[in-house]
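The structure appears below as structure tokens.
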Amino acid sequence: MISFLIRHLLESTFFCVLLSAFACGLRRGPTARYAVWLMGVAKFAIPTVLLAKTGGQIAFFWPAGSWLTLATSKISYALAVMLSLFPADKNLDLLAGWACGTAAMISIWFIRLGKSKQVLTLPTEREQQALMRMRALLRIHWPVRLRCSDDVVEPALRGIWHPTITISKGLSDRLTPAEFEAVLLHELVHARRFDNLTSAFVHALVCLFWFHPLLWVLERRLNVERERACDETVMACGMEPEIYAAGILKVCQFQLFDAAPGVRAPGMSSMTGADLRTRLERILDAPAPASLRYVPWLLMAGLTIFMTLVPIAGGYCEQCGSNGQSSSEPATGFRCKTPTTCAQGAPRGVQ
């Protein structure tokens, strides 16, 4: 079990490092970067043992050449050396520590979710009409509710299957109608992208592999790119940058001086999660976004295919390495019918 876990973590880490280098090269397009980071995290949730076995079966029908057999045998030997660093008699202790850490992380998560619950009230007619207009703009046909509360820190989207936008009471009176619509549009973009579902999925992996520092870094990176991706979509819908930036700034002012403190937990999408100054500069200075609607989906499809081929190739290389080690024995030629005559120097196959 431990050897399988270590191999899975090594493969997933290597895949995430490759995607990190690729994502850093995407200067523009936070939606595309978010898709790349998300696929890197999703690699930790994909079991590779079945795909690796599939690659091993392919090696029987399509054996590699001599040079590839030698290379894959070296890879297989290096992996075996790394796995041998973890003695088998300590597997039970490692599994117990892993399970205790996972249970503690999940408990903390659910405690934070419980503290984030507030008493919600119905919005005003004006606020409800603004929500309906923004839903029509984004073509969201499933129900998204709007609720108000005195305990809400900032506008946020709660829930996965029944999404609800929560705002502070009196927030709409501090904003102009256009600014309030920009705030609602931002939260509706979260609902259309199913950001709460992906956020909960990523944090569940963080709880499961709590000892892996790369997952903690990727979760924070995804939170930043998620807000930037929503800003990109809001601007693509035709929202004026000055109005949108003013709405975000007023929400932050309302949060600092008038709103009550609250709790933010994974699985909730809020409006002011990223660095405010850098975010406002990006909104005001960014040019009109191009229509790249299908680029993130194409990236995710391509990375999914690549993520599937990597473990298959790993199983293929391991089987080729095994074949290379077994084929390193000297060839015996014809089978000797009488071993005693062979020992006397007679030709093989001759009695």
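Read-outs: derived from the displayed coordinates by stated rules, not from any lab. Note that this is a predicted model, so its numbers are computed, not measured. Cβ sites come from the backbone with ideal geometry, for glycine too, and all protein chains shown count toward neighbours.
Ordering 101-107, 222-228 by mean Cβ neighbour count within 10 Å, with the highest value first, yields 222-228, 101-107.
The THR278 and LEU138 beta-carbon pair, evaluated with R₀ = 22 Å, returns a calculated FRET efficiency of approximately 0.30. The calculated FRET efficiency for THR121 paired with ALA301, based on their beta-carbon distance and R0 = 51 Å, is about 0.75. Annotation: aspartates and glutamates with alpha-carbon distance below 14 angstrom to LYS117 (same-chain offsets under eight excluded): ASP150, ASP151, GLU154. Each residue in GLU240, GLU232 was given a count of other beta-carbon atoms within 10 angstrom of its own, and listing them fewest first yields GLU240, GLU232. Exposure proxy ranking for GLU127, GLU181, based on other Cβ atoms within 10 angstrom of each Cβ and starting from the fewest, stands as GLU127, GLU181. The charge dipole of region 107-176, taken about its Cα centre with unit charges on the Cβ atoms of Lys, Arg (+1), Asp and Glu (-1) only, comes to about 220 debye.
Summary of packing: across the peptides 141-149, 188-196, the per-residue average of other C-beta atoms within 10 Å ranks them, highest first, as 188-196, 141-149.
The length gained by stretching the chain between LEU197 and ALA99 to full extension, at 0.36 nm per residue less their Cα-Cα distance, is 32.9 nm. Between the residues ALA96, LEU157, LEU137, the greatest Cα displacement towards the positive end of the dipole of region 88-160, with unit charges on the Cβ of Lys, Arg, Asp and Glu, is found for LEU137.
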